Amino acid sequence: MKQQFTFKSIFLFLCLGMITTTTYASHYLGSEITYNCLGGNQYEITLVYYSDCNAVAPPAWASVSLTSGSCGNLNQSLTFVPGSTIDITPVCATQGTSCNGGSGVFGVTKSEYTGTVTLTGGCSDWKISYNSCCRNNSVMNIANASSYAHYISATLDDSGTLCNSSPKFIDEAPLKYGCTNDTMFVNLGATDADGDSLVYSLVAAEGSNGTSLAYNMGYSATNPFGGSATFNSSTGALELTSNTAQAGHLIVQVSEYRNGTLLSEVKREVTYFFQNCTNASPKVSQGTFQFSVNAGTSLNATFGTYDAEVNAGTQTL
């Protein structure tokens, strides 16, 4: 199996000590649902939840709904995975965060919940969804964001002898920080164990029961930060620029195809933050390049970087 990836550039993050923050009313910063087929029409469902440490703690457990037009509806309780809550705040080594009683001004954790469900083996139209209140009140691109629940979903085909696992997102820490009027390069890619074809798209945020939410003027699902956005539907590579300091939601959908047939769709919702910066972000000197590599084979690549402050001897990369 070969999978092809295209890299435009690498975004090197600034330390959070240079970024001002606000305490938020809701802890929700993002989520995603994926699943593994275990055989015998059994599926292990995983919910990943990204939470603001300055608000209430992430949920102790979670419940997802499974709905099918042909096979009916059911609920599945997901158990918190012990030890899965980790601090993913992108700070420098000398800085603290607000997680676990820390002294930092900002903090984000990632938590996982899992459960196993047995289906009938007769339906191709299952939808797995998680619905909970509430969205973060700092979000600017969604109209009245804090008044809406968040909703994340994945689809599942359990028909015939098919035992398919969903694609998995390759970025383990999707929280991003950027500077206004500076291009951020993001890899929203995923992998699939079966080698199926993956197609990427930016989709609208959803509220209770999957209702599409309205965006404020100047924002949209495909241009979620009001400046500019260039998205590659084949690789999930995203270039975006925000022209104002803000926080906003971004939702990527990965559609999985086998021999031209749609098997599943999974989504990841994240929150990106943009601030007015006094420091210029580092730049990667190489342009676009492309390569193919066999799965499981190591690939070494060297990227040249440039940063005016570093070259002047005042900062370190």
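The values are calculated or read from the model by the stated rules, or taken from the named source; none is laboratory data. All values reported here derive from a predicted model rather than from experimental measurement. Neighbour counts run over all protein chains shown; Cβ positions are idealised from the backbone, glycine included. Please note that ligands, DNA and RNA were not included when accessible areas were found on the heavy atoms of the full protein model with its side chains. Shrake-Rupley method; radii C 1.70, N 1.55, O 1.52, S 1.80 Å.
So here's what we get for this one:
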item	result
Members of region 49-76 that are closer than 17 Å to residue 116 by Cβ and open to solvent by less than 70 Å² (accessible area, probe 1.4 Å)	62, 63, 64, 65, 66, 74, 76
Residues (surrounded by 16 or more Cβ atoms within 10 Å (Cβ to Cβ) and not in a strand (DSSP E or B)) located in region 108-130	119, 123, 124
Flag for residue 248 being surrounded by fewer than 16 Cβ atoms within 10 Å (Cβ to Cβ) and either touching a residue at least 24 places away in the same chain (Cβ under 8 Å) or more than 22 Å from the chain's Cα centre (by Cα) (or both)	no
Test: residue in region 91-103 that is farther than 19 Å from residue 264 by Cα, in contact with a Gly (Cβ under 9 Å, 6 or more places away or on another chain), among the β-branched types (Val, Ile, Thr) and surrounded by fewer than 16 Cβ atoms within 10 Å (Cβ to Cβ)	yes
Condition met for residue 270 (open to solvent by less than 20 Å² (accessible area, probe 1.4 Å), under 26 Å from residue 130 (Cα atoms) and among the β-branched types (Val, Ile, Thr))	yes
Whichever residue in region 227-245 is of a type in the set (Ser, Thr, Tyr) and under 16 Å from the mean Cα position of the chain (by Cα) and, among such residues, is surrounded by the fewest Cβ atoms within 10 Å (Cβ to Cβ)	233
Filter result (touching a residue at least 40 places away in the same chain (Cβ under 8 Å), under 16 Å from residue 204 (Cβ atoms) and assigned to a loop (DSSP other than H, G, I, E, B)) within region 221-245	224, 225
